[in-house]
Each structure stands twice: as structure tokens, then as C-alpha cells.
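All remarks here apply to the structure that follows.
The values are calculated or read from the model by the stated rules, or taken from the named source; none is laboratory data. Every value quoted in this text rests on a predicted model; they were computed, and no experiment measured them. We place every Cβ from the backbone using ideal geometry, glycine too, and count neighbours over all the protein chains shown.
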């Protein structure tokens, strides 16, 4: 009797959904920690730049979390996931710019 390879699944979830789920859980955890505890960057002022420093990092991780949750639910990376990932990158770049400038 030939040996059959183990399926690349965890329970009823296919392997690609397990990866998206893991990413969603990590991104959600990071977003929650950054929102509740903060990221250790001191406030740099008020207004738009101050808001970007206060919330930009958590918002970027939140957008990544939503993208990963959608990919988990759909079973594949769809267009809206790409839009959210691009938004996350933009938010992160603005956050870094606000911290550096």
C-alpha cells in the first residue's frame, strides 16, 4: 500500500487560508497593541502630523488586518485586499514621514 502524502490543511481549512488566517491574527494583534499601548513614538505636535504619529502606525496595521481577513474569508487575495494593502503602505509612509520630519 503506497504512502499518501499528508494534506496541506489544518482541520477543514486549506493551507492558503491557514496562512491568510495567521497573517490576519498577527496584523490584528499588532493593530490592537499599537492602539491600546502605543508604539513608543512621542507626540510631535498637534494637527495632521500629530494625528499621523498618534494613529498612523495602528491604522496601517489595521488596514493590513482587514485585507488579510478578507483574503481568509474569500480564500484568495482579491482586488479590495490590494487596495487595502496599498492604503496601509501609504499610511505607514506618512507615519514615518511625520516622525522623521
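Annotation note: of 101, 52, the sole residue that is at pLDDT below 85, exposed (fewer than 14 other Cβ atoms within 10 Å of the Cβ) and either in contact with a helix residue (DSSP H, G or I) (Cβ under 8 Å, 6 or more places away or on another chain) or within 30 Å of residue 13 (Cβ to Cβ) (or both) is 101.
May I ask you to verify whether residue 61 is surrounded by 15 or more Cβ atoms within 10 Å (Cβ to Cβ), over 14 Å from residue 41 (Cα atoms) and over 12 Å from the mean Cα position of the chain (by Cα)?
Criteria not met by residue 61.
For segment 67-79, a residue qualifies if it is in a helix (DSSP H, G or I), surrounded by fewer than 20 Cβ atoms within 10 Å (Cβ to Cβ) and touching a helix residue (DSSP H, G or I) at 6+ places or on another chain (Cβ under 6 Å), and the qualifying residues are 69, 70. With respect to (1) at pLDDT 85 or above; (2) exposed (fewer than 13 other Cβ atoms within 10 Å of the Cβ); (3) in contact with a strand residue (DSSP E or B) (Cβ under 8 Å, 6 or more places away or on another chain), the lone exception for residue 36 is condition (3).
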